[in-house]
């Protein structure tokens with residue numbers, strides 16, 4: 001094993017490792033070597049050095065921000081290398097967040113008098129074992145539905161794996177107790193594990209996966225209500241988190257004045273301002289809108305007024321004509337009004353249906369609910385279209401959709417008019433040969449409870465549903481709000497799905513963190 005790094009404090013390595021500080025010595029040492037661990041500088045290792053290593057070499061290139069050699073360079077000359085870096089945009093990220101917080105958690109929970117080598121080894125071994133296990137849906141979602149398997153591109157858990165919180169501290173606490181340094185041993189380890197699992201924030205886990213994806217492919221997001229304080233804070237946070245560029249729509253003096261009051265630096269790279277009335281593009285936007293609305297009673301000057309004076313029309317036109325990649329709005333306007341304004345500018349995606357999908361996150365599962373915003377009393381055909389759109393959202397989030405078509409009845413009992421429409425929707429899905437699991441009509445407990453579902457052995461779902469299609473808008477809206485207020489669940493959305501461009505609408509008066517989340521979802525293009 002070759003270690004390359006600074007010479008200070010290296011005596012402990014020399015007995016079992018070769019420590020090198022110059023390229024010539026490194027090239028000689030790597031010849032036939034099984035592994036390399038680097039903590040030095042960009043470009044310290046050349047492709048020729050890698051080519052000279054033993055079969056199936058292990059290469060940990062840990063220099064940051066640029067590794068000693070990139071995975072692309074290694075894979076260009078060898079297909080048997082196991083490669084890791086400290087970067088989040090490459091597989092096998094070696095990140096101290098995998099260890100430090102969880103080692104401390106376990107040590108504190110048993111009141112350990114020290115953190116000894118046994119506890120550190122236990123943490124490392126727990127990570128190694130976790131990497132060998134099947135990953136949960138949450139991890140698969142971060143890989144855009146491609147479920148990672150233990151192998152050369154997945155030898156270490158990802159930092160956002162939700163299992164870390166209950167696996168690593170548990171191992172550390174157990175090692176502390178066994179090595180005699182625990183001041184307060186844990187008696188009920190099962191209860192301790194459950195307590196650890198409850199500590200993680202389910203909404204943060206879900207959104208962090210989306211944030212990671214957006215950071216890899218940053219977008220230009222236009223914030224339509226750019227004069228509002230929470231929108232300015234959200235735009236600054238969006239940029240600071242590396243999610244992309246923020247475009248604030250509004251008057252420069254108003255935005256600058258508010259930003260100064262908030263202590264937000266608008267000079268920072270990535271934030272720009274667009275004044276609709278003064279924009280050099282407003283004529284093009286007005287012409288575009290006029291071509292869409294001229295047969296709906298609008299004169300050109302009407303369209304020009306909408307572009308010059310209404311932030312949603314202007315921002316949506318920016319996205320429609322490619323001057324921005326996505327849009328977020330809704331802070332100052334009712335959801336339905338904001339959506340109406342956006343739809344004057346943006347069409348449905350061809351072959352799709354515009355619906356609202358809410359993400360319901362509880363402690364033990366994530367479920368999508370549709371339609372929670374658009375279609376009040378859907379017909380059977382509309383229900384089938386809603387199911388297809390919602391299943392698509394599930395796939396984009398990394399879940400394999402299991403769609404339950406909900407009603408107050410289950411498979412014919414008791415009978416009812418709305419239940420009949422749900423049955424017709426299932427028959428329509430049958431005729432379309434869709435590529436996801438679905439069944440109905442069924443009550444919510446049948447859809448979500450495996451034991452209750454087992455009473456209907458003919459049910460085509462392989463497990464509890466993760467996509468719920470409601471029989472009507474009112475039931476969808478009422479149920480998600482009840483879950484949020486009484487059931488302890490977190491609800492994100494409704495998210496707009498089916499538009500031709502990525503646009504999201506936040507609730508009236510949303511907080512800056514909510515706006516950032518929805519901007520990230522728009523940049524992620526959750527709607528397709």
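Observations on the structure shown:
- The set of residues in the stretch 460-490 being touching a helix residue (DSSP H, G or I) at 6+ places or on another chain (Cβ under 8 Å), within 22 Å of residue 400 (Cα to Cα) and surrounded by fewer than 19 Cβ atoms within 10 Å (Cβ to Cβ) consists of 463, 464, 490.
- Flag if residue 307 is in contact with a helix residue (DSSP H, G or I) (Cβ under 7 Å, 6 or more places away or on another chain) and farther than 20 Å from residue 506 by Cβ: yes
- Checked against the criterion of being out of contact with any strand residue (DSSP E or B) (no Cβ under 9 Å at 6 or more places or on another chain), at pLDDT below 90 and under 30 Å from residue 341 (Cα atoms), the stretch 415-437 contains not a single residue that satisfies it.
- Residue satisfying all of: in the stretch 335-348; part of a loop (DSSP other than H, G, I, E, B) and surrounded by 17 or more Cβ atoms within 10 Å (Cβ to Cβ); nearest to the chain's Cα centre (by Cα) among these: 346
- Qualifying residue in the stretch 477-497 (condition: assigned by TED's automatic domain parsing to the domain that holds residue 436, within 18 Å of residue 419 (Cα to Cα), in contact (Cβ under 8 Å) with a residue 12 or more places away in the chain and not in a strand (DSSP E or B)): yes
Okay, residues lined up against (1) loosely packed, with under 14 Cβ neighbours inside 10 Å; (2) assigned by TED's automatic domain parsing to the domain that holds residue 193; (3) part of a helix (DSSP H, G or I); (4) free of Cβ contacts under 8 Å to residues at least 24 places away in the same chain:
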residue: 56; (1), (2), (3), (4): yes, no, no, no
residue: 65; (1), (2), (3), (4): yes, no, no, yes
residue: 69; (1), (2), (3), (4): no, no, no, no
residue: 80; (1), (2), (3), (4): yes, no, no, no
residue: 103; (1), (2), (3), (4): no, yes, yes, no
residue: 114; (1), (2), (3), (4): yes, yes, no, no
residue: 120; (1), (2), (3), (4): no, yes, yes, yes
residue: 123; (1), (2), (3), (4): no, yes, yes, no
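- Yes/no for residue 266 being more than 31 Å from the chain's Cα centre (by Cα), modelled with pLDDT under 95 and not in a helix (DSSP H, G or I): no
- Among the residues of the stretch 318-331, just one is closer than 18 Å to residue 251 by Cβ and part of a helix (DSSP H, G or I), namely 318.
- Residues in the stretch 421-459 that are surrounded by 13 or more Cβ atoms within 10 Å (Cβ to Cβ) and either part of a loop (DSSP other than H, G, I, E, B) or in contact with a helix residue (DSSP H, G or I) (Cβ under 6 Å, 6 or more places away or on another chain) (or both): 17 in all.
Table: residues versus (1) surrounded by fewer than 22 Cβ atoms within 10 Å (Cβ to Cβ); (2) touching a strand residue (DSSP E or B) at 6+ places or on another chain (Cβ under 9 Å); (3) assigned to a helix (DSSP H, G or I).
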{"position": "288", "(1), (2), (3)": "yes, no, yes"}
{"position": "291", "(1), (2), (3)": "yes, no, yes"}
{"position": "304", "(1), (2), (3)": "yes, no, yes"}
{"position": "314", "(1), (2), (3)": "no, yes, yes"}
{"position": "333", "(1), (2), (3)": "yes, yes, no"}
{"position": "350", "(1), (2), (3)": "yes, no, no"}
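- Set 244, 250: member being on the phi > 0 side of the Ramachandran plot, at pLDDT 85 or above and out of contact with any strand residue (DSSP E or B) (no Cβ under 6 Å at 6 or more places or on another chain): 250
The values are calculated or read from the model by the stated rules, or taken from the named source; none is laboratory data. Values in this document were obtained by computation on a predicted structure and should not be read as measured data. Cβ coordinates were reconstructed from backbone atoms using ideal geometry, including for glycine residues, and neighbour counts include every protein chain displayed.
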